[in-house]
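Novice: Got a structure for you, written out below as structure tokens; questions coming shortly.
The values are calculated or read from the model by the stated rules, or taken from the named source; none is laboratory data. Predicted, not measured: the structure shown is a model, and the values here were computed from it. In this analysis, Cβ positions are derived from the backbone assuming ideal geometry, glycine residues included, and neighbour counts consider all displayed protein chains. All accessible areas refer to the heavy atoms of the entire protein, side chains included, with ligands and DNA or RNA removed. Shrake-Rupley method; radii C 1.70, N 1.55, O 1.52, S 1.80 Å.
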Protein chains: 2
Amino acid sequence: MDLYWMSGSPFAWRVTLALAIKKVDYVGHEIHGSKGDNKTPEFLAMNPRGKVPVLKDGDFVLYESDAILNYLERKYPEPSLTGKSPEEAGHIWQRTLEIESYLAPHLGLFGRYLFRGDKTVTMEMLAEAASAISTEFTTAAGWLEGQDWLAGNTVSMADIVLYPIAALVQRLGKHPQAAALPFTVLPFGEKLPALAAWMARIEALPGYDATYPPHWRT
Amino acid sequence: MDLYWMSGSPFAWRVTLALAIKKVDYVGHEIHGSKGDNKTPEFLAMNPRGKVPVLKDGDFVLYESDAILNYLERKYPEPSLTGKSPEEAGHIWQRTLEIESYLAPHLGLFGRYLFRGDKTVTMEMLAEAASAISTEFTTAAGWLEGQDWLAGNTVSMADIVLYPIAALVQRLGKHPQAAALPFTVLPFGEKLPALAAWMARIEALPGYDATYPPHWRT
């Protein structure tokens, strides 16, 4: 099984976390957007949208990270990341989709502003996005009341979908231009201790270290 | 089982389509945003985000439409809307998530412009959204090459997620202010005949008629 990923992509990171938790062997191929690796004819033949992650299992090619998680879940059911009963499955998906619908869409703006120098991004837009992101992290911290994981008592898809976003927001907060970024939930350790404790739980999972974005270490 | 829905909500409609295909009995409760039905303490206790659909099955309450589809899929597996093999499941989810990620997010703007009189929505923003929507419908029509349904030879979650959006865009095109809306894929029958034929296939499904938004009939 081959996985194409980029360092720091929260979408790729959720897949490497799932593979670590399920202890599935794979060959990782780190590609670089800056080198155009995701726009080659070979890559576009796998994913015409030019995005990571892409999973190749024999002749079968799959993109869209949550679709890949579902594939892995069907192929390697244990440990389950999507629940056993219909009720567990429904609840795990609900939490996952709340993250996908109300939190994840606000992230792109910061990438455009900080890393791509997009001049159309205004401070008003950033303030609105940071406010929405802060609200959603506060909500997610509330989900941890009385339980160790976002959707119950074991790690699930909801956790591995949120964790890379939380790590990314934490990193954004340390950016040189951070003073201008109105994240009211940072630092998590001080503002949302339940969320910080949950992040430490993810970081203690066997195999976590190998999933850490290599360019973040330097 | 109780389902709370609003007439014309594409998110609620996908659930009523799934219930029709699976022939599951339920009690539908139509609520009205204009009357504040989704902001009552009783409704917010079910879904703090104040959105439809909400499913209540005994004491179990669930929101987020794709989570509800997953719950129904686990509880009433036949006919399956998410595939049998890992490969089928992965592919169906991939198509579904492509619709959710690249098409659905552009719809809200038209609602704000046409139905809520939001003055911050500019023609440039609408043109950009209509262009993205048109591109995605053209892509989806391509998925139908050589097959009757979006993700294979049977109706799946991808079909019931896209259909209500297609019906809504078709309706937007008939709005009095439609001349100002740059949808290049309308009418589907002329511009994307494969998509129009696929819509007719959905509309021929047993139980479809009962899912049609009542206020669209008048």
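Novice: Is it the case that A:GLU100 is under 15 Å from the mean Cα position of the chain (by Cα) and either more than 10 Å from chain B (Cβ to nearest Cβ) or crowded, with 19+ Cβ neighbours inside 10 Å (or both)?
Specialist: yes
Residues checked against (1) among the basic types (Lys, Arg); (2) open to solvent by less than 10 Å² (accessible area, probe 1.4 Å); (3) not assigned by TED's automatic domain parsing to the domain that holds A:GLY207:
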{"site": "A:SER7", "(1), (2), (3)": "no, no, yes"}
{"site": "A:PRO10", "(1), (2), (3)": "no, no, yes"}
{"site": "A:LEU19", "(1), (2), (3)": "no, yes, yes"}
{"site": "A:VAL24", "(1), (2), (3)": "no, no, yes"}
{"site": "A:GLY28", "(1), (2), (3)": "no, no, yes"}
{"site": "A:ILE31", "(1), (2), (3)": "no, no, yes"}
{"site": "A:LYS39", "(1), (2), (3)": "yes, no, yes"}
{"site": "A:ALA45", "(1), (2), (3)": "no, no, yes"}
{"site": "A:ARG49", "(1), (2), (3)": "yes, no, yes"}
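Novice: Another question, if that's okay. Take the range A:107-123 and flag every residue that is within 12 Å of chain B (Cβ to nearest Cβ) and within 13 Å of the chain's Cα centre (by Cα).
Specialist: Of everything in the range A:107-123, just one residue is within 12 Å of chain B (Cβ to nearest Cβ) and within 13 Å of the chain's Cα centre (by Cα), namely A:GLY108.
Novice: Cβ contacts < 7 Å: first residue farther than 14 Å from B:THR138 by Cα, restricted to the range B:95-110; second residue open to solvent by less than 20 Å² (accessible area, probe 1.4 Å) and of a type outside the set (A, V, I, L, M), any location; separation 6+ or different chain. Result?
Specialist: B:LEU97/A:ASP66
Novice: Same structure, new question: Name the pairs whose Cβ atoms lie under 9 Å apart, with the first residue in the range A:128-145 and closer than 18 Å to A:GLN170 by Cα, the second charged (D, E, K, R) and surrounded by 14 or more Cβ atoms within 10 Å (Cβ to Cβ), and 6 or more positions between them or separate chains?
Specialist: What qualifies is A:SER134/A:LYS191; A:GLU136/A:GLU98; A:PHE137/A:LYS191; A:THR138/A:LYS191; A:THR139/A:GLU98; A:ALA140/A:ARG95; A:ALA140/A:GLU98; A:ALA141/A:LYS191.
Novice: Would you pick out the residues in the range A:51-70 that are among the acidic types (Asp, Glu), facing another protein chain (nearest Cβ under 8 Å) and free of Cβ contacts under 8 Å to residues at least 24 places away in the same chain?
Specialist: If the condition is that a residue be among the acidic types (Asp, Glu), facing another protein chain (nearest Cβ under 8 Å) and free of Cβ contacts under 8 Å to residues at least 24 places away in the same chain, then A:GLU64 is the only one that fits.
Novice: Suppose we filter A:LYS23, A:LYS35, A:LYS56 for residues that are more than 18 Å from A:SER9 (Cβ to Cβ) and of a type in the set (Lys, Arg); which single one remains?
Specialist: Answer to the check: A:LYS23.
Novice: Go through (1) more than 21 Å from A:ARG14 (Cβ to Cβ); (2) within 12 Å of chain B (Cβ to nearest Cβ); (3) among the aliphatic types (A, V, I, L, M) and name the single condition A:LEU126 misses.
Specialist: Against the list (1) more than 21 Å from A:ARG14 (Cβ to Cβ); (2) within 12 Å of chain B (Cβ to nearest Cβ); (3) among the aliphatic types (A, V, I, L, M), A:LEU126 comes up short only on (2).
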